[in-house]
Amino acid sequence: MGVNDKLPVHAEQSPGGGIITTELNKIFTLTQAKSLWYLLFGTACCAIELMATGASRYDFDRLGMIFRASPRQSDLMIVAGTITYKMAPVVKRLYDQMAEPRYVLAMGGCAIGGGPFHYDSYSVLQGVDKIIPVDVFVPGCPPRPEALLQGCLEVGKKLRTQKIDDWRVR
Amino acid sequence: MEILELAWIFEWLNENLLVPIVGDGEFGILVRNLILACSVFGLLSLIALCLVWWERKVSAHIQQRFGPMMTGWHGILQTVADAVKLIQKEDIVPALADRKVFFWAPVICFVCAFAAYIVIPFGDGLIVSDLNVGILYIIAITTFTIISLMMAGWGSNNKYALLGGMRSAAQAVSYEVPMALSILGVVMVTGSMSMQEIVKAQSAWYGFHWNIFFQPLGFVIYVIAATAEANRTPFDLPEAEQELVAGFNIEYSGMKFAMFFLAEFVNMFTVSAIATTVFLGGWNGPWLPSWFWFLIKTLGMVFLFMVFRWTYPRLRVDQLMEFAWKVLLPLAFLNILWVGLYEEVFSKW
Amino acid sequence: MTKEELISYIQENFSGKVELIENDMPEPYFLIEPKAIVAFSRFIHDDNKLIMHFLMNLSGVDTKENMEVVYNVCSYRLKHRLFFKTVLPHEKAEVDTVKEIWAVADWHEREAWELFGINFNGHPNLTRFLLPDDWDQGHPLRKDWVGRDVIPFPEGK
Amino acid sequence: MANKLHLETMQINMGPHHPSTHGVCRLILTIDGENIVECVPDIGFLHRSIEKICENRTYAQCIPMMDRFEYVTSMMCNWGFALATEKLTDLVVPERAEYLRVIMGELNRIASHLLCIGVTGLDLGALTPFLYTFREREDILDLFEMTCGQRLTYNYIRIGGVSRDIPPEFFPKCKEFLDKFGEKCDDYEKVLTENPIWIARNRNVGVITEQMVYDYAVSGPSARASGVNFDIRKHDPYSIYDRFDFKVPVFYGGDCYDRYRARMAEMRQSASIVRQALDQMPEGDVRCKVSPKFKPKVGEVYSRVENSRGEMGFHIISDGTVKPFRVRARGGSYNHLLVTPEIVRGLKIADLVAIFASLDIIMPEIDR
């Protein structure tokens, strides 16, 4: 994975390598947190709220987040909206196409646990964490843009605690 | 004001640092050019980083929002954060992709974007090597980036990328001709193709004898063709987000995508640098040092290209080619006719 | 035309058997046998006193004993509306398609087929389009349908 | 040429995940170079079985379900469902509630048109109008938040009236929005309407003829852009629309450009309706007494409402119990997506994107 898988190994062998990797950890994860490019992936009502968050009043660009249409270049997948059984394989394939280190933010009740369609629905997947690992849940139906921004900052905080070659473990 | 002209630094370094160590034989010239190339490469990548940040701030303020604010003062370090993050990304090569073509596409794009800066005069004497076929060399080199886009389109084995690659080929073919013809008008006036000559020919009237005043049509044609060359809206069809998801760079992630991303901004800077050298009198200008004039004019042109991007919708492929062949080309011939007429008739009075 | 005029006009001019259903809605409600559907639709579509061009809605209904297909039509120019329905046996529900008359019926009928199991003869492509391709639990909107992983709504609140 | 050039069409998925399909719709395109030979829509990616859920809910619980049926103008969905249910009962909605419904419905129509125009600009490459239209939309969402606390799915219009009265500071804020909205519309006109590239991309693209409007029951601004003066507020008036005088803008081009102009003109009409409703609104209570376990008469109704995307019809069959026996909702986009393959044959991919955006197709109405 880019530089991250070779660097820690060589750094540790060199004398005083431990300090280098911890410092490197801080810097690398800080830059990851400061420039999370999110995948433009909205299915239902939360997609409208995602667009409103991208607009001028609650601007995503302030956090350094720009939308990328292709999964290869994005590192945060905001699952905004209801995932039905017909859509589930598509979500799984999109997640697999994303480049490591990748994170998932489940936005809205439907992505967390089926939301208003939890009962009596024969075609809604009860929560996106049944198919892909989710890092941050943002409840609400749809959640307010401030809640979504808070969720993105939470992804940044969680990301700062990880080691840069952590993806092999996960 | 001679001190501020930076040309003397290179002469001084050359005399007492380089020549005694390496000598000015074959090897010496090679080392000298290598150092010059590295300095131009460093300067350009720094400028490209600032352009990326500047584009995001300009677009934000046009759209009444703030743009990057969280990294450094007003998001100054945002592009550094993006670059370092992109280094860490996993480098994915699609399974059925054509590996060699897929690998070499960003490399060619990156190299050609910088190759054009050998002949661009940053200031009085500040030029890597003053070829006497300077402008012809630039027109040849800028088309290489289009070849790399087609390679990217074909190499990533993705239908959208293929469409993006084909579109970039069509666009380049149709906009290369008017661009060359509009520059031909200037070459006719200056009589030589070397960039320094073109700039020196515009230094009359205290440095305001610019070609734009004499060939305004040529300047307009050049700007339109340049937006198409640099793949900027309204001609950004190769990577049209809404139609082709991400156009040719759909399968690129991590460092390869960063090379494409950086090359696009360097291209924009190249195209506006040529515009200033050819039409806006290069580094001519009163009082201020020459390289400062060059920088101001080029950044002005870059700002113009940025404003284009955030105001105009995108053209369709057939409209794009129709506009090039049916409108720009006849106008380019008209411009050459006007320059010929002006040369023969008016300047003789 | 008002409700009474519509009823009288249709009962006189339409050749087939038409049965009126009492309802207090401002538009008349007819019951047509399945065989006469296409003839009735062509009549109300082409007759120059009716010109029912708009097929607003075509919905399948499962009334436990039998299946019904309800059509709502309206005329844009003459500003009047019409309900009519057919009653079909619950197990083998079959009716002719009205796609040639109203092109919009294509998807309405496909949906009724997919969710209710009502078969429309002569429909060009009665294929699955709302449910996932590997759907094997029959027709979900039927009253007697029980889903595998459907969580029932907690009663008694 | 000795042997004939072997030409092949390529099949491409404008798949469920695509920046320009609003929501999740998959268009299977067979293309020859850039020209589209065949376009087959594949829907069902947002089929959330709203109809099955509504059969197991009381009428009051169905209203939030209907919010999610069409989430861009969910006021209209509440209104449509409440109207259909009121026809099955002999409830009399108080005057003030009727006026509140008209105000909220028209404001929601303006917000929906703003979103449509912004996203159409986004799809054609002009990224800036999207930000401008969303700035006005945020003001409208503030008004909604002031009345019912939610920005997108309001659950405000209930059976028998409206959930709560508007706060006193609603009037000045709404008046101030209406005053500045007129010249904001002129701003959008300045940026887009005379833009030569915008005209080149939209003029004569995706022409819907009058016969197609009848065959496919196209309604809403798309029908009014093809010369069919069909607006349910005038054609089959419901609620108190006959007390306001407003024009229905009709254009005769039938292409994307006229649909855009129809939406722009319609927004101004809706603003004038809201202004008139604010002036004529009487005092009084906002909801007649309805118990949550209320049972309508046995019967069947199909009532329709003029939504921003076209005619939205609710077909409710009630068997006298607390829960509806069968609920069938149909939105305007259902027919517009059916028309798309007809009008897109032979055009370019870029035109398909323009047509898709101008027809204002969103997926929940189609998949339910």
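The values are calculated or read from the model by the stated rules, or taken from the named source; none is laboratory data. All values reported here derive from a predicted model rather than from experimental measurement. Neighbour counts run over all protein chains shown; Cβ positions are idealised from the backbone, glycine included. Surface accessibility is based on the protein's heavy atoms, side chains included, excluding ligands, DNA and RNA. Shrake-Rupley method; radii C 1.70, N 1.55, O 1.52, S 1.80 Å.
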Exercise for review: Would you tally the net charge around D:K180, using a Cβ to Cβ cut-off of less than 12 Å, leaving D:K180 out, and scoring K and R as +1, D and E as -1?
Suggested key: -3
Exercise for review: Provide a whole-number value for the mean count of partner chain Cβ atoms within 10 Å of the Cβ atoms in peptide A:45-55.
Suggested key: 6
Study note, to complete from the structure: Under a 1.4 Å probe, counting only protein heavy atoms, C:E111 has an accessible area in Å², nearest 10, of 10
Review point. Using a 1.4 Å probe, what is the accessible area per residue for chain D, in Å²?
Key: 29
Review point. In what order, largest first, do A:V128, B:V93 sit by accessible area if the probe radius is 1.4 Å?
Key: B:V93, A:V128
Review point. Counting other Cβ atoms within 10 Å, which GluC sites (Glu not before Pro) in the range D:148-200 have at most 13 and lie in a DSSP loop?
Key: D:E169, D:E194
Review point. What is the calculated FRET efficiency for C:E155 to C:N23, with r their C-beta to C-beta distance and R₀ = 22 Å, to the nearest 0.05?
Key: 0.10
Study note, to complete from the structure: Once accessible area is computed for C alone, D alone and the pair with a 1.4 Å probe, the total buried surface, to the nearest 100 Å², works out to 3800
Exercise for review: Treat the range C:16-157 as a sphere of radius equal to its Kirkwood radius over Cα pairs and apply Stokes-Einstein at 25 °C in a medium of 0.890 mPa s; give the translational diffusion coefficient in µm²/s, rounded to a whole number.
Suggested key: 149
Review point. Between B and A, buried accessible area summed over both sides at probe 1.4 Å, in Å² to the nearest 100?
Key: 2700
Revision key, fill the gap. Env charge @ B:L337, Cβ radius under 14 Å, K,R +1 / D,E -1, value -2
Revision key, fill the gap. Length-normalised contact order of chain C, Cα under 8 Å, at least 6 apart, in percent, tallies to 18
**Study point:** Accessible area that becomes buried as A packs against D, both chains, 1.4 Å probe, Å², nearest 100
**Key:** 3100
Review point. If you take the beta carbon distance between D:K293 and C:Q11 as r and set R0 to 56 Å, what does 1/(1 + (r/R0)^6) give as a FRET efficiency, to the nearest 0.05?
Key: 0.85
Revision key, fill the gap. Measuring from the longest principal axis of the C-alpha atoms of chain A, the long axis of helix A:145-160 (C-alpha) lies at a number of degrees, nearest 10, equal to 30
Point to revise | For the range C:3-91, alpha-carbon Rg and Dmax in angstrom | key: 12.7, 39
Check your understanding: When only C-alpha pairs under 8 Å and at least 6 residues apart count, what is the relative contact order of chain A, in percent?
Key -> 24
**Study point:** Average accessible area per residue (Å²) across the range B:89-193 - probe 1.4 Å, nucleic acids and ligands excluded
**Key:** 38
Check your understanding: If eta is 0.890 mPa s and T is 25 °C, what Stokes-Einstein diffusion coefficient results for the range D:185-299, Kirkwood Rh from Cα pairs, in µm²/s?
Key -> 145
Study note, to complete from the structure: When the charge dipole of the protein assembly as shown is computed with +1 at the Cβ of Lys and Arg and -1 at the Cβ of Asp and Glu, the Cα pointing farthest to the positive end, of C:A103, C:V150, D:S219, is that of C:V150
Study note, to complete from the structure: Filtered hits (aspartates and glutamates, Cα-Cα < 15 Å from A:K34, offset >= 8 within chain) -> A:D59, A:D61, A:D75, A:E154, B:D82
Review point. What is the P(r) of the range C:81-157, as percent of Cα-Cα pairs per 5 Å bin from 0?
Key: 3, 12, 21, 21, 17, 11, 7, 5, 2, 0
Point to revise | Peptide B:312-323 - average C-beta neighbours from other chains (10 Å radius) | key: 6
Check your understanding: Per the Kirkwood formula on distinct C-alpha pairs, the Rh of the range D:268-352 is how many angstrom?
Key -> 17.3
Exercise for review: Give the share of C-alpha pairs in each 20 angstrom bin for chain B, from 0 to the last occupied bin, in whole percents, shortest bins first.
Suggested key: 28, 57, 15, 0
Practice item. Would you kindly calculate the translational diffusion coefficient of the range B:208-348, applying Stokes-Einstein with the Kirkwood radius from alpha carbon pairs, for 20 °C and a viscosity of 1.002 mPa s, and quote it in µm² s⁻¹ without decimals? Key: 126
Review point. How do D:E145, D:E98, D:E70 stack up against each other in accessible area, from largest to smallest, with a 1.4 angstrom probe?
Key: D:E145, D:E98, D:E70
Exercise for review: May I have the extent of the alpha carbons of chain D along their three principal axes, as whole Å values ordered from largest to smallest?
Suggested key: 84, 47, 33
**Study point:** More than 22 Å apart - percent of Cα-Cα pairs taken over the range B:27-119
**Key:** 52
**Study point:** Largest to smallest accessible area among C:H139, C:H80, B:H61 [probe 1.4 Å]
**Key:** B:H61, C:H139, C:H80
Exercise for review: On each of the three principal axes of the Cα atoms of the protein assembly as shown, give max minus min coordinate, whole Å, ordered largest first.
Suggested key: 109, 78, 74
Review point. Counting only the heavy atoms of the protein chains, how much of B:L131 is accessible to a 1.4 Å probe, in Å² to the nearest 10?
Key: 60
Practice item. Can you pull the one-decimal nm distance between simple spin-label points at B:L334 and D:D179, each 7 Å off the Cα toward Cβ? Key: 4.9
Check your understanding: Can you give me the relative contact order of the range B:97-348 as a percent, contacts being Cα pairs under 8 Å and 6 or more apart?
Key -> 27
**Study point:** Calculated FRET efficiency for the pair D:V40/B:V220, C-beta based, R₀ 45 Å, to 0.05
**Key:** 0.50
Exercise for review: Measure nothing fancy, just the Cα-based angle from helix D:170-188's long axis to the longest principal axis of chain D, in degrees from 0 to 90, nearest 10.
Suggested key: 20
**Study point:** Ellipsoid equivalent to the range A:96-162 - semi-axes via the Cα gyration tensor, in Å
**Key:** 23, 16, 8
Review point. Once the whole set of protein chains is in place, how much accessible area is left on B:S39, using a 1.4 Å probe, in Å² to the nearest 10?
Key: 50
Study note, to complete from the structure: Expressed as a whole number, the average count of other chain Cβ atoms within 10 Å around the Cβ atoms of B:156-164 is 3
Practice item. Using only Cα atoms, find the angle between the long axis of helix A:45-54 and the longest principal axis of chain A, and express it within 0 to 90 degrees, rounded to the nearest 10. Key: 50
Exercise for review: For n ≥ 4 DSSP H runs only, could you compute -39500 (n - 2.57) per run for chain D, divide by its residues and tell me the 222 nm figure to the nearest 500?
Suggested key: -14500 deg cm²/dmol
Review point. B:D318 versus C:E91, label points 7 Å from Cα toward the beta carbon: distance in nm?
Key: 5.7
**Study point:** Where the range C:3-91 is the region considered: accessible area per residue in Å², 1.4 Å probe
**Key:** 42
Revision key, fill the gap. In the protein assembly as shown the accessible area split gives carbon plus sulfur, as whole percent at 1.4 Å, a share of 64
Revision key, fill the gap. Ratio for the range A:39-170, C-alpha Rg to 2.2 N^0.38 Å, reads 1.01
